[in-house]
Structure formats: C-alpha cells, structure tokens
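The values are calculated or read from the model by the stated rules, or taken from the named source; none is laboratory data. Remember, predicted model here, so these are calculated numbers, not experimental data. Cβ placement follows ideal geometry from the backbone for every residue including glycine, while neighbour counts extend to all protein chains displayed. These accessible areas exclude ligands, DNA and RNA; they are computed on the full protein's heavy atoms, side chains included. Shrake-Rupley method; radii C 1.70, N 1.55, O 1.52, S 1.80 Å.
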Amino acid sequence: EGKRHEIGSLAECAVLLVSGLANTDYLLEWINKTAKTVTTTTYPDHHKYTPSDIHKIHQKFGKFATFILTTEKDRVKLEPLIPNEFKKYWLSIQIEVRMDSPEKFENEIISYVKTNSGNC
C-alpha cells in the first residue's frame, strides 16, 4: 500500500518469497536470516507471470504465510495481476547492486559498446 517497512519487522513472520531472478542465492541467504520462516516460489529470469501463477502463489500463501515478498523487478510485472484484496499482503524489496570496482565496470561497458556498436 505504498508504505515502507523496516526488514527487521519480518523477524517473527512467515514469508513466501516469489522471485524470477537468474541467481537467487544471495536473496535466499539474506531472507533466511531475516524472516522466521521462508518458503519460496521461484520462476526463471524474465518470467512472464500469468493469472494462473498468481492463483498458485495465493493458494500457497494462504496455507502458512504472513506476507508475500518479491523484488521490485518482479513486483512491476506482478502488480497488474494481483487482486486488490491481496495487495496488502505483497511486499517488495529493493535490491541494490554494489561493486568492488565501479570504474572497472564502467570501462568494460564503454569498451563493449565501442567494440559492438557497428557501422549504423
């Protein structure tokens, strides 16, 4: 409902984590340390969610969870499919990318673009 919550408030909650990420290892490691109980429903990266997916998620949610947690990336795709009566149970988390060497990353991107820009 547009409210921000401190993640520590999940410490006593059962959470259903819904994600469509290429690598969920860090996310799973983090949420398992944060919430009391975690069950996951994972989809492939760039998954196109369907009403059937939402139905299955809500069935799983109704059996045990306090909240359904997803990333902002997935929430954007899921939002139009979530019935209004369930929206208050969906929480999205912000994921921040941190790099040891942002300059090196930027140089790699610039080099790639220069090499692969073609002669358009």
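Numerical summary
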| item | result |
| --- | --- |
| Restricting the range 81-101 to residues that are over 16 Å from the mean Cα position of the chain (by Cα) and in a helix (DSSP H, G or I), the residue that is surrounded by the fewest Cβ atoms within 10 Å (Cβ to Cβ) | 84 |
| Residue count, the range 32-57 (criterion: over 24 Å from residue 97 (Cβ atoms), in contact with a strand residue (DSSP E or B) (Cβ under 8 Å, 6 or more places away or on another chain) and at pLDDT 90 or above) | 2 |
| Count - residues of the range 40-52 that are open to solvent by less than 40 Å² (accessible area, probe 1.4 Å) and more than 12 Å from the chain's Cα centre (by Cα) | 1 |
| Residues (open to solvent by less than 60 Å² (accessible area, probe 1.4 Å) and either among the basic types (Lys, Arg) or assigned to a helix (DSSP H, G or I) (or both)) located in the range 53-72 | 53, 54, 57, 58, 61 |
| Qualifying position, being among the hydrophobic types (A, V, I, L, M, F, W, C) and within 25 Å of the chain's Cα centre (by Cα), among 113, 76 | 76 |
